[in-house]
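> Sharing a structure with you now.
The values are calculated or read from the model by the stated rules, or taken from the named source; none is laboratory data. What you see is a predicted model, and the numbers here were worked out from it, not measured in a lab. Backbone-built Cβ (ideal geometry, glycine too); neighbour counts: all protein chains shown. Areas reflect the complete protein model, heavy atoms only, side chains present, ligands, DNA and RNA absent. Shrake-Rupley method; radii C 1.70, N 1.55, O 1.52, S 1.80 Å.
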Amino acid sequence: MAFPISEATPVRFAPALPKSADVVVIGGGIIGVMTAWHLAERGARVVLCEKGRIAGEQSSRNWGWIRQQGRDFGELPIMMESLRIWRAIVPELGEDIGFRRTGVMYLAGSEAELAGFEAWRLEAQGYGVDSKMLGAGAVAGQISGASRRWPGALFTPSDARAEPWLAVPRMAEGAVRRGAVLIESCAVRALDTAAGRIAGVITEQGRIACDQVVLAGGAWSRLLAQAHGVHFPQLSVRATVMATEAMPEVFAGAAADPEIAFRRRADGGYTLAAGSGHDFYIGPDAFRSFIPYLPVLKRDFRSTQFQPMAPRHYPDGWMTPRKWQADRPSPFEAIRVLNPAPSDKLLARMQAAFEKTFPGIGPVIPRATWAGMIDTMPDIVPVIDRAAALPGLVIATGMCGHGFGIGPGIGRVVADLTLGRDPGHDLSRFRLSRFTDGSTLTPGPSL
Ligand SMILES: Cc1cc2nc3c(=O)[nH]c(=O)nc-3n(C[C@H](O)[C@H](O)[C@H](O)COP(=O)(O)OP(=O)(O)OC[C@H]3O[C@@H](n4cnc5c(N)ncnc54)[C@H](O)[C@@H]3O)c2cc1C
């Protein structure tokens, strides 16, 4: 099976380009789509421009975990709200998006890891999350047919799962029903400014006048922002995934140990990934951001494969232009859908690990394999803020590999932030200035 969303997918959202809007959203991933949804619901005239296809990048390629468990405590209240939004909108989106509250489980590889989970749980208790510790026997009662015995686990029964490539396009339809204008195959080449503030955007189809822009461009956000003098140390890593053919159920939810991450899918297969393995392409932005990333590099060094250069036209490619003319094709048109080749090494590793862990359920037969570029920040939490240097620009990016579950909540928060309303949560953890005001960056749990 080919990956369900690619450049070959027919364009579905192609209305004429409006001349003006209250807000233009850049990027049709879950963050941009759910921001447009909430903006339109609040009566704003909103246009969303997507250079390729809605949910073509991270928002369809992710594992489909919707988890409160293991979250940074800055994110947790937004995530809890997000789960409420998921539940509220599922009847509209359709049951076949596969939303199920089947829980998320972290299987400890050692007593030390278990202690780390317990430390998180103790603090999470104060927020009212139902996370609990399971002993070895209770784990064995939940996960059937495993060849190994884990010393224990962290388990959150109210966490959920959904099918990303079905859910996010449905959310886009919901945003349109609320009055948002979504346009695919429409790259925003540049921000248009007047008197030092946002006056519009220049797209490949023409200009849209607006006072407010939300930048939700995933792995491409840094490239666009820095061309306008707004800097943040966002980088991307390649993550490889496999969807198996249908297999017997060993656990209804999503679970991971240090070697294998697996999630039951609605079609009876599993979405698999190798515990924490990923690839990192070294480019000019990576060099510039080396110092802020040192703490996470030290922590994740062994799970990172370093590659000397990204494929052509990637956001941090050596030859990718950092400046361009708005009346010419931009780097955003060079790759409509970022579709990295999966790592054969990681695919082989996850297949072997799943078969070894569950020897009784038959050989793993891959139905599809793919990869995605996860956009990340040095402290593993996003930027959700107004850009002080460019009034009218709101940044919502750097979801650090966990933006699918929290996407509906972030969309609500960003919509209110953009409209000058109370976002309802403390967003100081996500402020843009943390990279420049001398703050010590404290990496989030990335559990
Ligand atoms: C393999 C993998 C596994 C993951 N697993 C999980 C998980 O289980 N749970 C979870 O919560 N999260 C997970 N994530 C993370 C999650 O998928 C992302 O955090 C989330 O999808 C980010 O959404 P986004 O809208 O910010 O970015 P994206 O989905 O990447 O969307 C950004 C969009 O912006 C568009 N764009 C960029 N620049 C421009 C421009 N100039 N003009 C027009 N359009 C532009 C791009 O084409 C793209 O479609 C995973 C990610 C990956 C890759």
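> Can you compute 3J(HN,Hα) from phi for each residue in the stretch 198-213, using the Karplus curve 6.51 cos²θ - 1.76 cosθ + 1.60 with θ = phi - 60°, rounded to whole Hz and x for Gly and Pro?
These are the phi-based 3J(HN,Hα) values: 4, 10, x, 10, 9, 9, 5, 9, x, 9, 10, 7, 6, 9, 10, 10 Hz.
> Are there any trypsin sites (Lys or Arg not before Pro) in the stretch 280-377 that are in a DSSP loop and have at most 13 other Cβ atoms within 10 Å? List them by number.
ARG312, ARG322, LYS323
> Need one number for the stretch 215-373: average projected area of the convex hull over its C-alpha atoms, nm².
Numbers: hull surface 43.2 nm².
With the hull built on Cα positions only, its mean projection is 10.8 nm².
> Out of all DSSP beta bridges in the chain, what portion is antiparallel? Express it as a percent rounded to 5.
Numbers: 46 of 68 bridges.
For the chain, the DSSP antiparallel bridge percentage is about 70.
> Still on this structure: Among GLY229, GLY109, GLY411, whose mean-square fluctuation peaks in a Gaussian network model of the chain (Cα, cutoff 10 Å)?
Residue with maximal mean-square fluctuation among GLY229, GLY109, GLY411: GLY229.
> Take every Cα-Cα distance within the stretch 118-207, group them into 5 Å bins from 0 onward, and report for each bin the whole-number percent of pairs it holds.
Histogram of Cα-Cα distances, whole percents per bin: 3, 10, 11, 10, 11, 9, 8, 7, 10, 10, 6, 5, 1, 0.
> With everything on Cα atoms, drop me the angle between helix 111-125 and the longest principal axis of the chain, reported from 0 to 90° to the nearest 10.
60 degrees
> With an 8 Å cut-off on Cα pairs and a minimum separation of 6 or more residues, tell me the relative contact order of the stretch 139-273 in percent. Mind showing how you got there, number by number?
Numbers: 138 pairs, mean separation 23.4, N = 135.
Reported as a whole number, the value is 17 percent.
> Counting only residues 5 or more places away or on other chains, whose amide H sits under 5 Å from the amide H of ALA368 once H atoms are built in the peptide plane?
Placed amide hydrogens put ALA243 under 5 Å from ALA368.
> Taking H placed 1.01 Å from N in the peptide plane, check which residues at least 5 places from CYS186 or on another chain put their amide H under 5 Å from its amide H.
Placed amide hydrogens put GLU50, LYS51, GLY52 under 5 Å from CYS186.
> Given Cα pairs under 8 Å that are at least 6 residues apart, what percent is the relative contact order of the stretch 98-157? Mind showing how you got there, number by number?
On the way: 77 pairs, mean separation 30.9, N = 60.
Computed value for the stretch 98-157: 52 percent relative contact order.
> Can I ask one more? I need the peptides 8-21, 395-408 ranked by packing, meaning the mean over residues of other C-beta atoms within 10 angstrom, with the highest value on top. Walk me through the numbers on the way to the answer.
Details: 8-21: 13.9, 395-408: 26.9.
Sorting 8-21, 395-408 by mean packing, highest first, produces 395-408, 8-21.
> Measuring from centroid to centroid over Cα atoms, what is the spacing of the stretch 238-287 and the stretch 37-66 in Å?
The stretch 238-287 and the stretch 37-66 have Cα centres spaced 23 Å from each other.
> By how many degrees, 0 to 90 and rounded to 10, does the Cα axis of helix 344-357 deviate from the longest principal axis of the chain?
That works out to roughly 30 degrees.
> So if I restrict to the alpha-carbon atoms in the chain, what is the Rg, and what is Dmax, the biggest pairwise distance, in Å?
20.9, 67
> Through the Karplus equation 6.51 cos²θ - 1.76 cosθ + 1.60, θ set to phi - 60°, convert the phi angles of the stretch 241-247 into ³J(HN,Hα) values in whole Hz; use x for Gly and Pro.
Working through the residues one at a time gives 9, 10, 9, 8, 5, 4, 9 Hz.
> Determine the per residue accessible area of the stretch 22-77 with all protein chains present and a 1.4 angstrom probe, expressed in square angstrom. Write down the numbers at each step before the final one.
Working: 1040 Å² over 56 residues.
Value returned for the stretch 22-77: 19 Å² of accessible area per residue.
> Measuring with a 1.4 Å probe in the full set of protein chains, what accessible area per residue, in whole Å², belongs to the stretch 105-246? Can you show the working numbers first?
Values: 4760 Å² over 142 residues.
Computed with neighbouring chains in place, this is 34 Å² per residue.
> Taking amide H positions as placed 1.01 Å from N in the peptide plane, with prolines and chain starts having none, which residues 5 or more places from GLY200, or on another chain, fall under 5 Å of its amide H?
So GLY200 has HN proximity to ASP192, CYS210.
> Report ³J(HN,Hα) in whole Hz for each residue of the stretch 277-286, in order, from the Karplus equation J = 6.51 cos²θ - 1.76 cosθ + 1.60 where θ = phi - 60°; Gly and Pro get x.
Result, rounded to whole Hz: x, 7, 10, 10, 8, 8, x, x, 5, 4.
> Roughly how much of HIS231 is accessible, in Å² to the nearest 10, using a 1.4 Å probe?
120 Å²
> Defining a contact as two alpha carbons under 8 Å apart and six or more residues distant in sequence, what relative contact order in percent does the stretch 256-402 show?
19 percent
> Considering only SER330, SER343, SER303, give the residue with the highest GNM mean-square fluctuation for the chain, with springs between Cα atoms whenever their separation is below 10 Å.
SER303
> Name the chymotrypsin sites (Phe, Trp or Tyr not before Pro) in the stretch 295-348 that are in a loop by DSSP and that have at most 13 other C-beta atoms within 10 Å, would you?
Numbers: sites: PHE301, PHE306, TRP318, TRP324, PHE332; in loops: TRP318, TRP324.
Listed in order of number, the matching sites are TRP318.
> Under unit Cβ charges (Lys, Arg +1; Asp, Glu -1), what dipole magnitude, rounded to 20 debye, does the chain have relative to its Cα centre?
It works out to roughly 360 debye.
> When the accessible area of the stretch 77-167 is split by element with a 1.4 Å probe, what percent falls to carbon and sulfur? Spell out each step's value before the answer.
Values: 1970 of 3710 Å².
It is 53 percent, rounded to a whole number.
> Can you tell me the 0 to 90 degree angle between the C-alpha axis of helix 76-93 and the longest principal axis of the chain, rounded to 10?
The helix 76-93 is inclined about 80 degrees to the chain.
> Counting only protein heavy atoms, what percent of the accessible surface of the stretch 388-447 is carbon or sulfur at a 1.4 Å probe? If you can, show how the numbers build up before the last one.
Working: 1170 of 2180 Å².
C and S atoms contribute 54 percent here.
> If you don't mind, there's one more thing I want to ask. Given a 1.4 Å probe and every protein chain left where it sits, what share in percent of the accessible area of the stretch 227-367 is carbon and sulfur? Write out the running numbers ahead of the final one.
Working: 3920 of 6550 Å².
The C+S portion of the solvent-accessible surface of the stretch 227-367 is 60 percent.
> Hey, what D do you get for the stretch 314-447 in µm²/s if you plug the Kirkwood alpha-carbon radius into Stokes-Einstein at 25 °C and 0.890 mPa s? Show your work: numbers first, answer last.
On the way: Rh = 18.7 Å.
This corresponds to a translational diffusion coefficient of 132 µm²/s.
> Nearest 500 deg cm²/dmol is fine: what mean residue ellipticity at 222 nm does the chain get from its DSSP H runs of n ≥ 4 alone, each adding -39,500 (n - 2.57), divided by its residue count? Walk me through the numbers before you get to the answer.
Details: 12 runs with 126 residues, N = 447.
About -8500 deg cm²/dmol.
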